[in-house]
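Step one of this worksheet: look at the structure below.
None of the figures in this text is laboratory data; all of them are computed from the coordinates on show. Source: prediction; values computed, not measured. Neighbour counts run over all protein chains shown; Cβ positions are idealised from the backbone, glycine included.
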């Protein structure tokens with residue numbers, strides 16, 4: 001996302017808890033590297049945040065050298081992490097105490113989609129604030145949906161990911177079934193892409209499914225398991241029946257327990273090939 005923002009002509013300062021990752025982005029975008037979230041936010045009109053989980057989010061916002069400590073008056077925080085809606089809602093009033101505004105702006109799409117500038121953004125929060133940050137979001141997004149108050153974007157992200165994670169398991173199962181029935185992996189995937197199931201996810205994950213372990217990890221199974229816990233909690237809270245999601249959650253948990261947590265989401269298929 002940083003590449004799109006810088007490419008659209010915006011001045012960019014980056015921070016990552018692992019400094020080498022921030023430096024890598026800076027080399028590609030001519031961005032400045034900050035030593036802390038506080039420093040990164042100090043002169044920013046728009047802060048775009050994307051972190052792995054709720055614990056990392058809270059630490060980054062609330063630390064003495066964290067984001068909230070550095071916010072300037074009038075800044076807008078675009079919170080793009082996949083976390084519990086309640087976590088986002090709890091941070092909004094703390095941001096407001098600094099005369100700043102928090103929008104939850106999680107995104108849907110993989111690395112290649114981000115790099116092509118065709119990602120989808122799901123927004124919860126003030127529409128006037130959203131209008132102000134659209135030039136930044138448009139730098140890397142094809143579609144921006146406003147869904148309601150703060151927390152609505154985070155909720156929609158969990159809904160979307162429940163679908164994506166179940167689709168990932170379905171593709172994995174179908175591919176392994178084809179192989180065990182004597183069909184070649186490539187031929188089966190050709191048919192997947194050409195038929196009714198040829199969703200964008202199926203198309204852009206082709207190489208990952210066909211050549212497991214040879215493609216950089218785009219989304220780890222550890223993060224899938226984290227998402228699935230939040231999806232489970234949301235289903236429990238709302239009373240939604242999620243039989244397929246629960247089956248997918250159990251399968252991913254088994255793969256993580258088997259030591260595959262750092263491997264790509266598509267390697268659910270590799271786990272199934274063991275049986």
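The table for this structure:
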{"item": "Length-normalised contact order of region 155-272 in % [C-alpha pairs under 8 Å, at least 6 apart]", "result": "40 percent"}
{"item": "Folded to 0 to 90 degrees: helix 127-137 orientation relative to the chain principal axis, Cα", "result": "70 degrees"}
{"item": "Gyration tensor (alpha-carbon) shape descriptor, region 2-149, a/c threshold 1.5", "result": "rounded"}
{"item": "Candidate values [x] 23.9, 80; [y] 18.5, 54; [z] 19.5, 63, label of the one derived for Rg and Dmax of the Cα atoms in Å", "result": "[z]"}
{"item": "Gyration tensor verdict on region 196-245 (Cα atoms; rounded if a/c is under 1.5, prolate if a/b is larger than b/c, oblate otherwise)", "result": "oblate"}
{"item": "Degrees separating the helix 19-29 axis from the principal Cα axis of the chain, which is the longest one", "result": "90 degrees"}
{"item": "Estimated inter-spin distance, residue 250 and residue 86, nm [label 7 Å along Cα→Cβ]", "result": "2.6 nm"}
{"item": "Computed over the chain: relative contact order in percent, which uses C-alpha pairs under 8 Å that are six or more apart", "result": "14 percent"}
{"item": "Region 25-150: relative contact order as a whole-number percent, Cα under 8 Å and 6+ apart", "result": "19 percent"}
{"item": "Length added when fully stretched, residue 217-residue 118, from 0.36 nm per residue minus Cα-Cα", "result": "33.7 nm"}
{"item": "Degrees between helix 243-255 axis and first principal axis of the chain (Cα, 0 to 90, nearest 10)", "result": "90 degrees"}
{"item": "Virtual spin-label span in nm between residue 180 and residue 149, 7 Å along Cα→Cβ", "result": "4.8 nm"}
